[in-house]
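Student: The structure is given below, and queries will be raised subsequently.
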Amino acid sequence: MGRDLSVAEVEVPGESHLFWRQAIWRVPVQVLLNGTRCSAENVRVEQANEAIEILRANPNVVFGGDMNWDDKLDGKFPLPDKWVDVWEALKPGDPGFTYDTKANPMLSGNRALQKRLDRFFCRLDDYKLGGVEMVGKEAIPGLSYVKEKRVRGDVKKLELPVLPSDHFGLLLTLLPK
């Protein structure tokens, strides 16, 4: 498993260009980084620093995605001046769990885990944050799947609803200044 990064320059008619970068970082517990065995946390921090360095010179940047970032393991995301964590800026005090085995019925039967793995970070000179919402929290009507779960040696079959993803999505709204 590695990482996947996508970059797009978005032209908004009558407005400044906007750079959008999406990340999906999946790393095993231990990986090799430059020939040295290290933890997934070190790799995520390295990936974050590399991505921010690449984007640093652009005046309008949205950087987000499934980063598997864990504040307890990885520390605070390394944001330079003029950058904001969108969820923290717009929803202070709300944990913003995008992976939540308690709230996502599709994950019933999994061990309890609540993490804000998906994030948006912005550096905006010509735009302002308009809002951020969590989406994909409703089951898709008419779809279900069967999950087998072992309980004290017995196998139980759970029929569970299907949501768009095992993670809740984030919808970001930007407005011109």
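Each reported figure results from applying straightforward, stated rules to the coordinates on display, with no laboratory input. What you see is a predicted model, and the numbers here were worked out from it, not measured in a lab. Counting neighbours? That spans all protein chains shown, and the Cβs are built from the backbone with ideal geometry, glycine included.
Student: Going by Cα centres, the stretch 43-60 and the stretch 62-118 are how many Å apart?
Tutor: After rounding, the separation between the Cα centres reads 18 Å.
Student: Can you give the FRET efficiency to the nearest 0.05 for ARG56 and ASP94, using r as the Cβ-Cβ distance and R₀ = 41 Å?
Tutor: Numbers: r = 28 Å, r/R0 = 0.69.
Efficiency, rounded to the nearest 0.05: 0.90.
Student: Enumerate the lysines that LYS177 could reach by cross-link, defined here as Cα to Cα under 27 Å, with residues fewer than 8 away along the same chain left out.
Tutor: LYS82, LYS91, LYS128
Student: How much FRET efficiency would the formula 1/(1 + (r/R0)^6) give for SER108 and GLU46, where r is the Cβ-Cβ distance and R0 is 25 Å, rounded to 0.05?
Tutor: Computed FRET efficiency for SER108 and GLU46 comes out at 0.10.
Student: Two decimals is fine: what's Rg over Rh for the stretch 70-122, C-alpha atoms, Kirkwood radius as Rh?
Tutor: We get a ratio of 1.04 for the stretch 70-122.
Student: Need the list of aspartates and glutamates near LYS137 for cross-linking: C-alpha distance under 17 angstrom, and skip anything on the same chain fewer than eight residues off.
Tutor: ASP66, ASP94, ASP100, ASP118, ASP166
Student: Right, next: Counting other Cβ atoms within 10 Å of each Cβ, which GluC sites (Glu not before Pro) in the stretch 86-177 have at most 12 and sit in a DSSP loop? The partial results should precede the final answer.
Tutor: On the way: sites: GLU88, GLU133, GLU138, GLU148, GLU159; in loops: GLU138.
Listed in order of number, the matching sites are GLU138.
Student: For the stretch 46-158, rounded, prolate or oblate, judged on the Cα gyration tensor with a ≥ b ≥ c (square roots of eigenvalues), a/c < 1.5 rounded, else prolate if a/b > b/c?
Tutor: The shape class here is prolate.
Student: To the nearest 500 deg cm²/dmol, what mean residue ellipticity at 222 nm is calculated for the chain from DSSP H runs of n ≥ 4 alone, each contributing -39,500 (n - 2.57), summed and divided by the residues?
Tutor: Mean residue ellipticity at 222 nm (helix-derived): -4000 deg cm²/dmol.
Student: Expressed as a rounded percentage, what relative contact order does the chain have, with Cα pairs under 8 Å and six or more residues apart?
Tutor: 19 percent
Student: Here's a follow-up. Leaving out same-chain residues fewer than 8 places away, which lysines sit with a Cα under 16 Å from that of LYS156?
Tutor: Those lysines meeting the cut-off are LYS147.
Student: Cβ under 12 Å from THR173's Cβ, THR173 left aside: what net charge do those residues give with Lys, Arg +1 and Asp, Glu -1?
Tutor: 0
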